[in-house]
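Report on one structure; see the data block that follows.
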Amino acid sequence: MFLCVNKVRLCLVIGNVHVNVNQLLIKMHRKSFQRSLSCSWHQLNAKQIPSNLKGKSKSSQEWLLRQLADPYVEKARMMNYRCRSAFKLLEIDDKYKIISPGNIIIDCGAAPGSWTQVAAERCNANGKVDNKPLGAVFSIDLLHIHPVTGATILGGMDFTKTESQLRLKKALDGKRVNCVLSDMAPNATGVKMIDQENIINLCYAVLKFALAMSSTQANLLMKVWDNADVPKLEKDLERFYANVKRVKPRASRGDSSEHFLLARNYKGIDHVANHFESNRGKS
């Protein structure tokens, strides 16, 4: 047995058998790399089901397991959306076309920012489509919101406060709004009647702002929870918008009372003024 070495190849000679050592090493390395890659891939894609949830409340355990089993959570991660709620707005806009390139959008209760991401894409606020008009998104929430390209962020602000709405109006700088979005929900008290009343109050705060700031033919989308006050809210919307309907996208969980009120084609500020003028003095 001896080694034969030159600049081209390294051979191992055993008796009359010549072994190309270079090729042998390459094959060995390739197989090792493939095994490593395969193992890493499965580790990355396997859903890690926690084996020890000791110390967590039952509701926390149920929430965590539901998140792990939710395809929209995984899809949001893959598409770089901040949370699964992005797919609710995507589905609604795909069907009803409430956002167009060049639109001015307000996103109320925007944290963590997934609806803002979708709105910025759909109105081209991020400028990614060269041949489409540039829109703008104005996002407000009581919580902090990380920046989103094309969006003006007003974090740490309570939308229901007058000073917050004045800040939002100042940011708009005279622009009329084409679509108002609200995924806002109150902090749950655990008392169903109080929680339902609180979300209706949020909806009326959004509606009041939308009536003052929207352009004619604008759209409004608000989250509600099923309760006895929703039909009255629908009737109030019908006074100012040509088309109002309840929608529940597939991305909303089936066991949730959540749905959305979609109001399209705002009749305009003149119609609002005439409505209140004609109803002045009526009980």
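The values are calculated or read from the model by the stated rules, or taken from the named source; none is laboratory data. None of these values were measured; they are calculated from a predicted model. Using ideal geometry, Cβ is built from the backbone for each residue, glycine included, and neighbour counts are taken over all protein chains shown.
Taking region 93-124 as the region of interest, how many residues are at negative phi, out of contact with any strand residue (DSSP E or B) (no Cβ under 6 Å at 6 or more places or on another chain) and buried (at least 16 other Cβ atoms within 10 Å of the Cβ)? Here the count works out to 8. For Gly127, work out the one condition from (1) buried (at least 18 other Cβ atoms within 10 Å of the Cβ); (2) on the phi > 0 side of the Ramachandran plot it doesn't fulfil. Of everything listed in (1) buried (at least 18 other Cβ atoms within 10 Å of the Cβ); (2) on the phi > 0 side of the Ramachandran plot, Gly127 misses just condition (1).
Can you name every residue in region 227-277 that is among the acidic types (Asp, Glu) and assigned to a loop (DSSP other than H, G, I, E, B)? The answer is Asp229, Asp255. From the residues in region 62-87 that are assigned to a loop (DSSP other than H, G, I, E, B) and surrounded by 16 or more Cβ atoms within 10 Å (Cβ to Cβ), which one is modelled with the lowest pLDDT? The extreme case among them is Arg84. Of note, Ala218 does not satisfy the criterion of being in a helix (DSSP H, G or I), assigned by TED's automatic domain parsing to the domain that holds Asp93 and modelled with pLDDT of 95 or more. Pairs meeting the criteria (first residue in region 147-176 and outside the structural domain of Ile106 (by TED's automatic domain parsing), second residue in a loop (DSSP other than H, G, I, E, B), beta carbons under 9 Å, at least 6 apart or on different chains) are lacking.
Checked against the criteria, Val224 does not count as in a helix (DSSP H, G or I), in the same structural domain as Val191 (by TED's automatic domain parsing), in contact (Cβ under 8 Å) with a residue 12 or more places away in the chain and of a type in the set (Val, Ile, Thr). Residues in region 103-121 that are free of Cβ contacts under 8 Å to residues at least 60 places away in the same chain and outside any helix (DSSP H, G or I): 3 in all. Would you confirm whether any residue within region 195-210 is among the hydroxyl-bearing types (Ser, Thr, Tyr), free of Cβ contacts under 8 Å to residues at least 12 places away in the same chain and within 22 Å of Ala111 (Cα to Cα)? Scanning region 195-210, I find no residue that is among the hydroxyl-bearing types (Ser, Thr, Tyr), free of Cβ contacts under 8 Å to residues at least 12 places away in the same chain and within 22 Å of Ala111 (Cα to Cα), so the answer is no. Do you know which of the residues in region 186-215 that are within 17 Å of Ile140 (Cα to Cα) and at pLDDT below 95 is surrounded by the most Cβ atoms within 10 Å (Cβ to Cβ)? Within region 186-215, the match that is surrounded by the most Cβ atoms within 10 Å (Cβ to Cβ) is Pro186.
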